[in-house]
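Inspection log for the structure reproduced underneath, given as structure tokens.
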Amino acid sequence: MAIKLHQTYWSIDKLPGISHKDQNLLISNGIYTTKDLLAKVRTTQDKSALANKLQINLKYINKWSALADLARIPAVGWEHCGVLLHSGVGSVAQLKQTNLGKLHSHIKRLYVANTRNKNLSPSVEQVQKWIQQAKLLT
């Protein structure tokens with residue numbers, strides 16, 4: 001019997017990079033959580049419709065939905081979804097297929113470039129847990 005992992009959801013204000021103005025815009029349109037956002041943007045057409053309704057650039061909807069998707073992984077959550085996105089991983093499905101060594105190396109380079117401290121980077125074991133949990137996500 002395969003082990004299943006339950007996804008986690010967060011209030012929309014937890015996602016990195018969403019301004020207070022945009023948070024309020026989402027909330028005023030009934031999007032309070034990452035679960036609400038993902039429910040509204042299941043398809044490319046849904047994303048375009050939401051961008052039009054909110055009168056914002058589609059790239060923001062794409063970014064926020066990618067962050068919300070990655071944040072579903074319990075070990076990733078809202079705390080690490082941004083680093084995955086900035087490392088080129090845009091979805092749970094993509095993370096499942098990602099090479100651990102290459103991803104960890106990329107994340108470490110990202111941390112060094114932004115913090116000048118490789119010791120702040122997540123460990124190989126932590127990144128491995130992200131990938132493992134992505135594979136188990138229900």
Legend entry - Only listed residue being within 15 Å of Gln7 (Cβ to Cβ) and in a loop (DSSP other than H, G, I, E, B), chosen from Ala134, Ala93, Ala75: Ala75
Inset, instruction - For segment 40-70, enumerate the residues that are within 23 Å of Val83 (Cα to Cα), out of contact with any Leu (no Cβ under 7 Å at 6 or more places or on another chain) and of a type in the set (A, V, I, L, M). - result: Leu58
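With without any contact (Cβ under 8 Å) to a residue 12 or more places away in the chain and of a type in the set (D, E, K, R) as the only criterion, which of Lys14, Lys35, Lys21 stands out? Steps first, please.
Numbers: Lys14 fails: without any contact (Cβ under 8 Å) to a residue 12 or more places away in the chain; Lys35 fails: without any contact (Cβ under 8 Å) to a residue 12 or more places away in the chain.
Matching residue, one of Lys14, Lys35, Lys21: Lys21.
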Inset, instruction - Output yes when any residue across segment 35-52 is under 17 Å from Val92 (Cβ atoms), crowded, with 21+ Cβ neighbours inside 10 Å and not assigned by TED's automatic domain parsing to the domain that holds Leu136, and no when none is. - result: yes
Inset, instruction - Quick one: Ser65 ticks every box in (1) crowded, with 18+ Cβ neighbours inside 10 Å; (2) farther than 23 Å from Trp130 by Cα; (3) not hydrophobic (A, V, I, L, M, F, W, C) except a single one, so which number is it? - result: (2)
Inset, instruction - Mind counting the residues in segment 108-131 that are in contact with a His (Cβ under 9 Å, 6 or more places away or on another chain), in a helix (DSSP H, G or I) and under 27 Å from Thr33 (Cα atoms)? - result: 4
Legend entry - Residues of segment 73-130 satisfying the condition of being surrounded by fewer than 19 Cβ atoms within 10 Å (Cβ to Cβ), in contact (Cβ under 8 Å) with a residue 60 or more places away in the chain and touching a Leu at 6+ places or on another chain (Cβ under 8 Å): Pro74, Gly82
Inset, instruction - Can you confirm whether segment 4-17 contains a residue that is surrounded by fewer than 16 Cβ atoms within 10 Å (Cβ to Cβ), hydrophobic (A, V, I, L, M, F, W, C) and either within 23 Å of Gly88 (Cα to Cα) or outside the structural domain of Val89 (by TED's automatic domain parsing) (or both)? - result: no
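The values are calculated or read from the model by the stated rules, or taken from the named source; none is laboratory data. All values derive from a computational prediction rather than experimental measurement. Glycine gets a Cβ as well: all are built from the backbone with ideal geometry, and neighbour counts include every protein chain shown.
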